[in-house]
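Trainee: The structure is given below, and queries will be raised subsequently.
The values are calculated or read from the model by the stated rules, or taken from the named source; none is laboratory data. These numbers come from a predicted model, not from an experiment. Here the Cβ positions follow ideal geometry from the backbone for every residue, glycine too, while neighbour counts run over all protein chains shown.
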Amino acid sequence: MESNDTLLTLYKIRKEIQKSNNLELLNQINHTIKKTFEDLFVISFIGHFSAGKSSMINHLLGEDILPSSPIPTTTKTVQVEMSDIDDIEAFIDLNHYVEINSIDELKTINKTDVDIEYIKLRHQTDRFNLKTVFQDTPGVDSTTRAHEESTNTFLLGSDYIFFTVEYNHVESETNLKMLKEIENLNIPYSLIINQIDKHNEEEITYHTFINRVKTTLKNWDITPENIYTTSIFDSVYRQNDKLIEDIKSLESKKQSFKELYRTRIIQNIEEEHLNYLDDQIEMNSAQDKKRDAVVSQIDYLNEQINDNEKESIVQDTEKLDDYIKQTVKSIVTNSYLYPYDVKTKIEQFFKIENNEVPNLGFFGKKKKRAEMRKNTLSELKTEIQKTIDTEINTQVNLMFKDLSLVGNYFNFKWDDRYITETDTSESNDKFVKLYMDNLKQQLSRDIQNDAVYFKSNLTHETHTDSNDVAPLIEERTKLEYALKLIDLKEVFKSESYKNLYIHMDDELKQLSESIEVPMEEIEESNEVLSKNEFLAEESLSNLNTENLENIIQELKKLPRYQDAYGLFYDKFERFKDNHGNLSVFGGFSAGKSTFINALVDSDVLTTSPNPTTASITELSNDSHSYIRFKTEDVLLKTCVAVTGKQTDSIESQIKLLKSKKDIPEVFKPFVKGLIENFREYNDKLGQKIEYSNEQIDFITSNDEHALYVQKAYIGLNNEILNQVTIVDSPGINSINQRHTNETINIIENSDMIIYVAYFNHIFTRSDEQFLKYLQSVKGQRFAITVVINAIDLRKNDQELYDVVEYMSNTLNALEIKHRIYPVSSREARRGEEPYFEKAKVELMEQLEIESSQMIEASINENLKHLVQRIQSNITQFEEGESHLENTIRVRKEMQTEMDHFTAKKVLNEVNVEKENLFSFLRRQLELKIYDQLTTMITINEAKDKSFIKNGAVEIKEHINHFLNIELSTIFNVLYRTAYRALEVLYQTENTRLMEANILSDLMLHDGQKNQLSITLEETTFKNGLTNVSKKNKTARILKEELLIFSERVVSSIDFESLKAQVDENIDDFLNSVDEKSNDSLTQIINELQEEVKPLNESDYKEDQELLSKIKQNLGA
């Protein structure tokens, strides 16, 4: 009975809500009705993708019925219902489904992005009660936005939630924000920390790990009922049995959960619908929700529209004439032209005309009739003129007044001819009626013509702007819709919908009838990912060092070629002594530090499931270690971002911070460390100080201390560090915003970039944005080396293949050139990993090649010049004066060219590309900022006054940081444009230098790539959040307002200043190219100034022999 009462209430609410087109809420109600009708107890497993939700459900059921994989698998919500039958149905909508024939078919469908709403899997088991449902949702942080939408759709249908996180990613911001949202929904929930088998007591004790998690949850005001540590693998820390026991306990309380659910969902529906109506009314009625005010606005708009339309008519002579005629015709047609006195006089006149007037006597009848006729005409004229004046003339003049045409009074006069020139052969009632009808038509024609003519004597007085009336009509339509919603709101608030009649039998019959459709109804909607067209080929060195050494020795023997010997000797030594720069990036807890430890075969960096690398750490072959501390100005800038108040010192900021309430979560570690540790580090700011490796380890792995660190330099006597300097970066998506800000500073000087991805959390939106930025700095030809870490977590080799293929396909779709190495860094440190050593060897070989590519290219160019020089000498001897004169001429031309040479010759090409980028920039930024805001401001946060009050700082910092990366990503293309143009320029000049018999080459170096930086005003975000939160929002209206918010953020950007900054950056880039090319340019100018001497026969033979030996060594 209770379920029937709930269903009846839900149906009545739905019937009322259908009147207002609240589609999102109607969909939620439909799912609620179905859940209630089927009497389901829904336990939802929600969390980031690859957290192990599907595997945990399989483990709880004791059977492998759901697909599980380290790549995103659950593309739609799957409801596993404990049942007495086994079947699987894929629902296209609430009542139409496709029959799935097997678990294998389900796994195939669930790994593709197909057009289905959810999957119902009924499963026979005695482990849990019938009608209990385990709801498996897509990941909330997958790169597929449809995954998040599916999760959010089914979230509110839960009786209980187990928010599931993977051991290494408990503290990701996505997880914490989702937990915060669940907290605000009033749905009971617990936290599952899955894959606890990864815990290593030697890295961090279990007690410390759990306490750190609890501290973070407390900082975010998140209070789950329980915290479970679980795994499908054996672990002394797993609490699977306790989880199963507690789920059964929840089942035993199903009735109380039903009551809670009914109260919560009805209240939620009512609140959501009232919010929706308020939002729609506000959106359509300029924020005025009072009925009388809206009615007045509609009336006013009607007047404005009418005036505007008439104004436009007056401006067009043809339209005006037509309007006057039609209006006059209507006036005459609707006039009461024949009152009793007029009609009587007309009848009397026709009787007189037909000699039907009695009692005229015998004498003077003709004279008497003429007198009577005259008097009747006079009386008729008087009476009908009165009628014309009141019924027609007055109305016509009002028409002219409405048209703002002023002047003389229009006064149509009766003319006796209208009756005297009429055939009067009859005088009966039928004739009189016919006459009056014809007279009215005649009067209508004549008055129309007179009015059209008369209007030329009038003056037009303009009172309104006769521009486009469409906006007024649009506004009126919106207000009329708002008026309808105001009435619907009053009805809804009165709860009169409870009196609606519902045909429950029909409704329940329809609800219980699901219709099967053929499999063809499901169409895969995702595009097939491209093949490995962006898979980087291994770089190979084209330089044969043995042959080069032979050439150098030959040059050494010849006095005439000592300049060439010196050039090749110096460059070859630099080539042999080459030292590479390797930078390691990735999300926090992806295992970057563990990977580096395995690479250098030493536990030099701290590893932990909590974020550890809180600052940039550089490892080099050195006997000393240092920390470079930040300056006070850098710390002060962050303080001001938190407090919102400008002061001159850290001490004054600390006082403000101590009294400030509601510190944004992302800044809490910074604030805590500043208050507790500033005295300890105050005198160290701005300095580079030597520390032991153990001291550096402690400082850099603890946020409360690492906030003072600019960069850590760890010295380590290590074979690999003889070849390379390694930089370990903070995680790009850590909960500490400062981590991401410092990461981007180390890209430019890297010869190789390794991006560490975690096997069970392979790719997120943060990864996508960062890799695009990285590519914008290094260029599309630069290959990113991706290390997929922790492959020891794979269940089988097929999983490893799937992960590598998924990562490669994703990078292909982003058009990012890449190499992929799957490894287990942890197993490598134990000496148990066969993949790692092979990857290490290949990485070092590749790094050596890539770090020496520039010097190698220069040596190869010099060899071309050397061959050309020798050949030119030989030709000069053979051809004589003519060749010598040509060489001298070319040298003079090149000397003039080199004296004025600058990289700024390519500036025009760069400016064309710059203008093209700016032409699309505003809209591009609006959409990107909107996308960010939708992930940062949820419907519940929009209702949270505390968030609105204090969230501006956090959102501003995030958007400002995001925007700086996006702007840099967009405009870094100008550096690539400039470099490509410079390549052509330098190649052209080097070809001409060869003609001038010059040995040296003009060396092209990459320039200084300053990144764009703008500072957004906090007031923009405070005002934006205030507008977002004026009233509780529906999801759809929230999205509309966030789009407006993003437009306002972009409008606050000073684009002229931005363009000036771009120009300055390009100028600095080209200047730095010139500066780096200066040495080679000076050498070339010196060679151009040398005298060109004719060759004697001895030199000729010597050059022939030298050329032969060089070609032999070059294989030519």
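Trainee: Is at least one residue of the range 858-874 at pLDDT below 85, within 25 Å of His1005 (Cβ to Cβ) and touching a His at 6+ places or on another chain (Cβ under 9 Å)?
Mentor: no
Trainee: Show the residue pairs meeting these rules: Cβ distance below 7 Å; 6+ apart or different chains; first residue within the range 272-294 and among the β-branched types (Val, Ile, Thr); second residue at pLDDT below 75.
Mentor: Within 7 Å, the pairs are Ile281/Lys289; Val294/Ser285; Val294/Asp288.
Trainee: May I ask you to say which residue of Ile65, Ile17, Ile33 is among the β-branched types (Val, Ile, Thr) and modelled with pLDDT under 85?
Mentor: Step by step, each of Ile65, Ile17, Ile33 is checked, and only Ile65 is among the β-branched types (Val, Ile, Thr) and modelled with pLDDT under 85.
Trainee: Could you check Arg826 against (1) charged (D, E, K, R); (2) touching a residue at least 40 places away in the same chain (Cβ under 8 Å); (3) touching an Asp or Glu at 6+ places or on another chain (Cβ under 9 Å); (4) surrounded by fewer than 20 Cβ atoms within 10 Å (Cβ to Cβ) and say which number it fails?
Mentor: (4)
Trainee: Spot the failing condition for Lys592; the list is (1) of a type in the set (Lys, Arg); (2) surrounded by 15 or more Cβ atoms within 10 Å (Cβ to Cβ); (3) within 30 Å of Lys1093 (Cα to Cα), and only one is missed.
Mentor: For Lys592, the failing item is (3).
Trainee: Looking at (1) surrounded by fewer than 19 Cβ atoms within 10 Å (Cβ to Cβ); (2) under 17 Å from Asn581 (Cα atoms), which is the only condition Ile726 fails?
Mentor: Going through the list (1) surrounded by fewer than 19 Cβ atoms within 10 Å (Cβ to Cβ); (2) under 17 Å from Asn581 (Cα atoms), Ile726 breaks only (1).
Trainee: If you don't mind, there's one more thing I want to ask. Identify, by number, the condition in (1) buried (at least 17 other Cβ atoms within 10 Å of the Cβ); (2) of a type in the set (Ser, Thr, Tyr); (3) at pLDDT 90 or above that Ser330 doesn't meet.
Mentor: (1)
Trainee: Okay, next question. Give the residues of the range 783-813 that are in a loop (DSSP other than H, G, I, E, B), surrounded by fewer than 17 Cβ atoms within 10 Å (Cβ to Cβ) and within 26 Å of the chain's Cα centre (by Cα), sorted by residue number.
Mentor: Matches in the range 783-813: none.
Trainee: From the list Asp662, Asp648, which residue is closer than 28 Å to Gly587 by Cα and assigned to a loop (DSSP other than H, G, I, E, B)?
Mentor: Numbers: Asp648 fails: closer than 28 Å to Gly587 by Cα.
On inspection, the qualifying residue turns out to be Asp662.
Trainee: Identify, from the list Val584, Val642, the residue that is part of a helix (DSSP H, G or I) and among the β-branched types (Val, Ile, Thr). Walk me through it before giving the result.
Mentor: On the way: Val584 fails: part of a helix (DSSP H, G or I).
Exactly one of Val584, Val642 is part of a helix (DSSP H, G or I) and among the β-branched types (Val, Ile, Thr), namely Val642.
Trainee: OK, next. Out of all the residues in the range 324-342, which are in a helix (DSSP H, G or I), touching a residue at least 60 places away in the same chain (Cβ under 8 Å) and more than 17 Å from Thr394 (Cβ to Cβ)?
Mentor: Correct list: Lys325 only.
Trainee: Does Asp683 satisfy the condition of being among the acidic types (Asp, Glu), more than 30 Å from Glu1018 (Cα to Cα) and crowded, with 18+ Cβ neighbours inside 10 Å? Please lay out each step first, then the result.
Mentor: Working: among the acidic types (Asp, Glu): yes; more than 30 Å from Glu1018 (Cα to Cα): yes; crowded, with 18+ Cβ neighbours inside 10 Å: no.
Judged against the criteria, Asp683 is not a match.
Trainee: Still on this structure, please answer the following. Of all the residues that make up the range 473-504, how many are in a helix (DSSP H, G or I) and closer than 19 Å to Ile269 by Cα?
Mentor: Selection size over the range 473-504: 13.
Trainee: Mind checking whether some residue in the range 670-678 is of a type outside the set (S, T, N, Q) and in a strand (DSSP E or B)?
Mentor: Looking only at the range 670-678, we keep the residues that are of a type outside the set (S, T, N, Q), and these are 670-676, 678.
Cutting the leftovers down to in a strand (DSSP E or B) gives us none.
No, the conditions are met nowhere in the range 670-678.
Trainee: Within the range 177-219, work out how many residues are of a type outside the set (D, E, K, R), part of a helix (DSSP H, G or I) and either in the same structural domain as Ala590 (by TED's automatic domain parsing) or in contact (Cβ under 8 Å) with a residue 12 or more places away in the chain (or both).
Mentor: 13
Trainee: Looking at the range 14-54, which of its residues are assigned to a helix (DSSP H, G or I) and aliphatic (A, V, I, L, M)?
Mentor: Within the range 14-54, Ile17, Leu23, Leu25, Leu26, Ile29, Ile33 qualify.
Trainee: Before we move on, is Asn886 in a helix (DSSP H, G or I) and either out of contact with any helix residue (DSSP H, G or I) (no Cβ under 6 Å at 6 or more places or on another chain) or over 21 Å from Leu555 (Cβ atoms) (or both)?
Mentor: Judged against the criteria, Asn886 is a match.
Trainee: Moving to a separate point now. Tell me, which residue of the range 457-472 that is exposed (fewer than 14 other Cβ atoms within 10 Å of the Cβ) and part of a helix (DSSP H, G or I) is modelled with the highest pLDDT?
Mentor: Once the filter is applied, the top-ranked residue is Asn457.
Trainee: Considering every residue within the range 447-456, establish whether at least one is assigned to a helix (DSSP H, G or I), more than 22 Å from Asn30 (Cα to Cα) and outside the structural domain of Tyr409 (by TED's automatic domain parsing).
Mentor: Of the range 447-456, the ones assigned to a helix (DSSP H, G or I) are 447-456.
Those left that are additionally more than 22 Å from Asn30 (Cα to Cα): 447-456.
Keeping just the survivors that are outside the structural domain of Tyr409 (by TED's automatic domain parsing) gives none.
Looking for residues that are assigned to a helix (DSSP H, G or I), more than 22 Å from Asn30 (Cα to Cα) and outside the structural domain of Tyr409 (by TED's automatic domain parsing), one finds none in the range 447-456, hence no.
Trainee: Within the range 405-427, can you find the residues that are surrounded by fewer than 17 Cβ atoms within 10 Å (Cβ to Cβ), in contact (Cβ under 8 Å) with a residue 40 or more places away in the chain, under 24 Å from Glu311 (Cα atoms) and over 60 Å from the mean Cα position of the chain (by Cα)?
Mentor: Gly407, Asn408
Trainee: Collect the residues in the range 755-782 that are closer than 26 Å to Ile849 by Cβ and either in contact with a Ser or Thr (Cβ under 6 Å, 6 or more places away or on another chain) or free of Cβ contacts under 8 Å to residues at least 40 places away in the same chain (or both), keeping them in residue-number order.
Mentor: If the condition is that a residue be closer than 26 Å to Ile849 by Cβ and either in contact with a Ser or Thr (Cβ under 6 Å, 6 or more places away or on another chain) or free of Cβ contacts under 8 Å to residues at least 40 places away in the same chain (or both), then Lys772, Tyr773, Ser776, Lys778, Arg781, Phe782 are the ones that fit.
Trainee: Here is a further query. Would you say Val906 is modelled with pLDDT of 90 or more, outside any strand (DSSP E or B) and not charged (D, E, K, R)? Break it down into steps so the answer makes sense when it comes.
Mentor: Details: modelled with pLDDT of 90 or more: yes; outside any strand (DSSP E or B): yes; not charged (D, E, K, R): yes.
Taking the combined requirement at face value, the residue satisfies it.
Trainee: Taking the condition of being in a helix (DSSP H, G or I), crowded, with 17+ Cβ neighbours inside 10 Å and polar (S, T, N, Q), how many residues in the range 269-303 meet it?
Mentor: 4
Trainee: In the range 220-245, what residues are assigned to a helix (DSSP H, G or I) and touching a Ser or Thr at 6+ places or on another chain (Cβ under 8 Å)?
Mentor: Asn240, Leu243
Trainee: Of the residues that sit in the range 640-665 and are of a type in the set (Gly, Ala, Ser) and within 25 Å of Leu176 (Cα to Cα), which one is surrounded by the fewest Cβ atoms within 10 Å (Cβ to Cβ)?
Mentor: Within the range 640-665, the match that is surrounded by the fewest Cβ atoms within 10 Å (Cβ to Cβ) is Gly644.
Trainee: Is it true that Glu383 is at pLDDT 80 or above and touching a Lys or Arg at 6+ places or on another chain (Cβ under 7 Å)?
Mentor: yes
Trainee: Out of the residues in the range 505-530 that are of a type in the set (D, E, K, R) and assigned to a loop (DSSP other than H, G, I, E, B), which is modelled with the lowest pLDDT?
Mentor: So, considering only residues that are of a type in the set (D, E, K, R) and assigned to a loop (DSSP other than H, G, I, E, B), the one modelled with the lowest pLDDT is Glu527.
Trainee: Based on what the data block shows, is Thr810 under 25 Å from Ile746 (Cβ atoms) and touching a Lys or Arg at 6+ places or on another chain (Cβ under 8 Å)?
Mentor: No: the conditions fail for Thr810.
Trainee: Being touching an Asp or Glu at 6+ places or on another chain (Cβ under 8 Å), buried (at least 18 other Cβ atoms within 10 Å of the Cβ) and either modelled with pLDDT under 85 or under 21 Å from Ser1057 (Cβ atoms) (or both) is true for just one of Leu1025, Leu999, Leu993. Which residue is that?
Mentor: Being touching an Asp or Glu at 6+ places or on another chain (Cβ under 8 Å), buried (at least 18 other Cβ atoms within 10 Å of the Cβ) and either modelled with pLDDT under 85 or under 21 Å from Ser1057 (Cβ atoms) (or both) holds for just one of Leu1025, Leu999, Leu993, which is Leu999.
Trainee: Then there is this: When the residues of the range 570-587 are narrowed to those that are over 30 Å from Ala598 (Cβ atoms) and loosely packed, with under 15 Cβ neighbours inside 10 Å, which ends up modelled with the lowest pLDDT?
Mentor: Filtering the range 570-587 for residues that are over 30 Å from Ala598 (Cβ atoms) and loosely packed, with under 15 Cβ neighbours inside 10 Å, the one modelled with the lowest pLDDT comes out as Arg574.
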